[in-house]
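Read through the structure below, which is laid out as structure tokens, and then see the notes.
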Amino acid sequence: MEDKELDYYIKSFKKTGDNSAYEKIYRYFFAKIYRFVLLNVSDHQAAEDIAIDVFYKVYNHLREINLDYAAFKPWIYRIARNLVIDFYRKHSSKNDVSLQQYMEEIHADECEAEVFIESDFDENNIFPYTSDLSVEEGFSNPALLKGLEKLPEIQKQVIILRYVEDLDYRSIGKIIGKSEISVRAIKFRAILKLKELLYS
Amino acid sequence: MKRNTDINKKILKRFYKLLDSGVAIEECLEKFPGYKDELAAYASITRNLKYLQNIKPEKTVEDYCLKMVYSKSRISNITDDKETLKRDAAIVRMRPAYLKPLVIFLGVFIFISFSFTGTIYASDDSLPGDTLYSVKRVSESVAVAFTPYKYEKSIYLKMLEERLFEAGKILNNPEYSNTEAAEKLISDIDVTFNRCCQRKYLDSGSNTYFEERVRHMKGGLHNRYRLQGPGTSG
């Protein structure tokens, strides 16, 4: 969807409350928000619940809030991030949704992880993915996900927003409430840490 | 050996800067042939992260969530933090990168302006030799510098009036004992009066009036502080 198109649907929904315009916005953003949440909480059910909450908030409040399409994207990710933080707070004591546990349950095994870590730089060999992969297949990269899991929360979010969600530093700054320079620094530290975790 | 394990951070930063500018990972690696092996690990991580974009929910999940959003919206008693959402919107809308330094700059500028204005205002009643007197004189010079030539007349006349007023105040204050400042004031009165005469700011009537006042004040100051000059003889 182009920016102009998105702008049109946002304006249309704000003006008339038209559900078809909302659905266009929803379809465009759902996969992104779901993925962002899933990578953060590592739990399908929780990701679904949080994504529903995000879009429920958008559905109910977008009409009252003065936002154009450029500000909409950081805003929706910011809502998602806040809900993820709430989720962390609620589950910090239980810690029942660790990514490691999740991967062990589904399909990851240590051998696979070692293959990833030790393999050489060869994308055809290491990353045989296509764009039509489902969630489970996307998760078949356990070492990286383990590494992400071990990063501090803020570093993990910056890395996901920058490289998975493809957002620019300015937008990320707006989402996490930091300056562009801080975001760059956090990203750099996260990359160094990730390298250390995966290749040490 | 250290180079193999701990790559130069500057090179790494340049590599990521290039990546951020939209250059493909392979091309970025080509730009650093000497570090290709070390950068390969970082390139691999970055590429792997990008592959996480392949994570997509099932269509059924997407549809189910949409239904849930609509059904949740129909339940009216769900409490929601509207204010937080509005604040979030204001943050994403209002916070460009330059805003913080701009606010700091404006704050400092306003603070300095107010302080300076206050100091000038406070220096208005100062006499030669006072701490703030130099501020008063500087503000007069600034006023002259920023006034067009044809409007300078009123400023010079005001300055002459001010110097004579200061001389009068000194003469009326028996405790004033700064001889050096008084001597300087006499020369200032001379300079200002001469400038007014040279530029023909004084017509014949006001010329006589000011000449008389200048002579009177100078004489008074010379006598009071026993300075060398025309007034000493009385």
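Numerical summary
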| quantity | calculated |
| --- | --- |
| Top positive-direction residue, dipole computed over chain B with Cβ charges, set B:Pro148, B:Leu132, B:Leu19 | B:Leu19 |
| Cα gyration tensor of chain B - equivalent ellipsoid semi-axes, whole Å, descending | 78, 30, 17 |
| Value of relative contact order over region A:3-90, rounded to a whole percent, pairs C-alpha under 8 Å and six or more apart | 35 |
| Listed residues A:Ala70, A:Ala31, A:Phe87: farthest to the positive end of the dipole of region A:3-90 (Cβ charges) | A:Ala70 |
| Entries in A:Lys187/B:Lys67; A:Lys24/B:Lys72; A:Lys150/B:Lys17 that, when Cα-Cα distance is taken, lie over 29 Å | A:Lys187/B:Lys67 |
| Computed E for B:Ser204/B:Lys184 - FRET, C-beta separation, R0 45 angstrom, nearest 0.05 | 0.90 |
| In sequence order, calculated HN-Hα J values of region A:71-84 (Karplus, 6.51, -1.76, 1.60; Hz; x Gly/Pro) | 8, 4, 4, x, 5, 5, 5, 5, 4, 4, 4, 4, 5, 5 |
| If the convex hull is drawn through the Cα atoms of region A:29-81, its volume per residue in Å³ | 62 |
| Tail weight of P(r) past 20 Å, computed on alpha-carbon pairs of region B:106-181, percent | 43 |
| Within 10 Å of each Cβ in A:56-63, the average number of Cβ atoms from other chains | 5 |
| Estimated 222 nm signal from helices in chain B, with DSSP H stretches of n ≥ 4 weighted -39500 (n - 2.57), rounded to 500 | -23500 deg cm²/dmol |
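Coordinate-derived values only; no laboratory data. Treat the numbers as computed from the prediction; the structure is a model and nothing was measured. Note that each Cβ is placed from the backbone with ideal geometry, even for glycine, and that neighbours are counted across all protein chains shown.
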